[in-house]
Amino acid sequence: MGDSPMLEQSLAALESDALARIQAARSPEELEPVRIEVLGRKGNLAQVSKEMGRLPAEERAAVGKLLNAAKQALEEAIEVRKREFAQAALQARLEGEWLDLTLPPPGAPRGHLHPITQIQREIEELFVSLGFAVLDGPEVETEHHNFDALNIPPDHPARDLQDTFWLKDGHLLRTHTSPVQVRGMEKLGPPLRMIAPGRVFRNESVDASHEHTFYQLEGMMIDREVSVAHLTYFMKTMLTAIFRREVTVRLRPGYFPFVEPGFELDIRCLICGGAGCPVCKQSGWVEQLGCGLVHPNVLRLSGIDPEEWNGFAFGLGLTRLVMMRYAIDDIRLLQSGDLRFSHQF
Ligand code: DAH
């Protein structure tokens, strides 16, 4: 007897060990190294085949047969394992594609209102509950409604080409929502309670705090014996609703040709409570809007007798309000159409 029984033994051990490792592989990536180690050109079986060369010829044939059988068995085991992997991958893909046709559809993603529209609607709701009408006016206006009827003199700087987009036919893009006051007085007459939200245009160079197009909200109340106390009450009620907390207001003299007296209305800074901070530029107050008692000329120019009627008016920047409410530091974002911006509200 030569080496052949030993070789047969180690061949058997090698085969059963390799079969166990083939079974244990959990992916094609784990299987391939096993295949190379066992069946590769320099693998275990190749080694046995080499050693077999040293056997006497009569033993060699028997071992050779065993070797071939082992090789065949292992190759087959690897093929079977590969097929199992392919089957499992297909199964996993089909699981993923499984579809229940009886389920209701998931529904299209829902949009939402722009923050300017949201704040506009809040203010509209409040004033409607106080008996005000919500009026709309044209964006392309006459010089009469935008300026003359509002007691704005012909040489007033607001009429300048630098501020106003003049159209070829003498019309203009309204520079404020105040012309809707005039239309309200003309159409409805006194007593009158109205607000008018809308888009306005100024010939400005655009930067982080200036836009050529922005939104304002105008308000007007005409009745008998309207006073600054009424004005203050409505403004305080409105601003408390907008900022969702009690606000302190103050009036400073301000000049607008369509009101007399005219005011700038401030609220005590909501960030620092009046102590002074960067938002209020250390003053403790933040400017909110322009307002005043309607100038007698404005009433007269729209056919209302200032001896019998008077009123208050105000105008505020909706765009500015949104920027303050959400601490937005660049006005250009509001009309950028950038969904990454508008989805945040
Ligand atoms: N129209 C003014 C502007 O655009 C704002 C304004 C101020 C409106 C005072 C008013 C008012 O009704 O009384 O700056």
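The values are calculated or read from the model by the stated rules, or taken from the named source; none is laboratory data. The shown structure was predicted, so the numbers you read here are calculated from the model rather than taken from an experiment. For neighbour counting, all protein chains shown are included, and Cβ atoms are generated from backbone atoms with ideal geometry for every residue, glycine included.
Quickly run through region 130-148 and pick out the residues that are hydrophobic (A, V, I, L, M, F, W, C) and in a helix (DSSP H, G or I). None; the set is empty. When Gly290 is tested against (1) more than 16 Å from the ligand (Cβ to nearest atom); (2) touching an Asp or Glu at 6+ places or on another chain (Cβ under 9 Å), exactly one condition is not met: (1).
For region 323-343, enumerate the residues that are touching a His at 6+ places or on another chain (Cβ under 9 Å), more than 18 Å from His212 (Cα to Cα) and surrounded by 15 or more Cβ atoms within 10 Å (Cβ to Cβ). Listed by number, the list holds a single entry, Ser342. The number of residues in region 88-121 that are farther than 14 Å from Gly198 by Cα and either touching an Asp or Glu at 6+ places or on another chain (Cβ under 8 Å) or at pLDDT 95 or above (or both) comes to 0. Among the residues of region 178-205, the one identified as of a type in the set (Asp, Glu) and away from the ligand (no atom under 13 Å from the Cβ) is Glu186.
Considering Pro109, Pro105, Pro190, the condition of being in a loop (DSSP other than H, G, I, E, B) and more than 36 Å from the chain's Cα centre (by Cα) is satisfied by Pro190 alone. The residues listed here are Phe258, Phe214, Phe263; of these, the one that is aromatic (Phe, Trp, Tyr), without any contact (Cβ under 8 Å) to a residue 40 or more places away in the chain and within 16 Å of the ligand (Cβ to nearest atom) is Phe263. When Gly311, Gly276, Gly315 are screened for being modelled with pLDDT of 90 or more, surrounded by 20 or more Cβ atoms within 10 Å (Cβ to Cβ) and over 19 Å from Gly198 (Cβ atoms), only Gly311 passes. With respect to the stated conditions, Ile304 is more than 37 Å from the chain's Cα centre (by Cα) and of a type outside the set (Phe, Trp, Tyr).
Matching residues to (1) within 20 Å of Val80 (Cα to Cα); (2) free of Cβ contacts under 8 Å to residues at least 12 places away in the same chain; (3) not in a helix (DSSP H, G or I):
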position	(1), (2), (3)
Ala20	yes, yes, no
Glu29	yes, yes, no
Arg35	yes, no, no
Arg54	no, no, yes
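Residues considered: Gly290, Gly315, Gly303. Of these, the only one that is under 16 Å from Pro179 (Cα atoms), touching a helix residue (DSSP H, G or I) at 6+ places or on another chain (Cβ under 8 Å) and either in the same structural domain as Glu143 (by TED's automatic domain parsing) or not in a strand (DSSP E or B) (or both) is Gly303.
Given the options Arg245, Arg252, name the one that is surrounded by fewer than 17 Cβ atoms within 10 Å (Cβ to Cβ) and within 16 Å of the ligand (Cβ to nearest atom). Just one listed residue meets the conditions, Arg252.
For region 112-129, a tally of residues being surrounded by 14 or more Cβ atoms within 10 Å (Cβ to Cβ) and not in a helix (DSSP H, G or I) returns 1. Pull up region 322-345, narrow it to residues that are part of a helix (DSSP H, G or I) and of a type in the set (S, T, N, Q), then point me to the one that is modelled with the highest pLDDT. Here the residue is Gln335. Scanning region 154-177 for residues that are within 14 Å of the ligand (Cβ to nearest atom) and without any contact (Cβ under 8 Å) to a residue 12 or more places away in the chain yields one hit, Pro157. Of the residues Arg83, Arg35, which is among the basic types (Lys, Arg) and surrounded by 11 or more Cβ atoms within 10 Å (Cβ to Cβ)? Exactly one residue qualifies, and that residue is Arg35.
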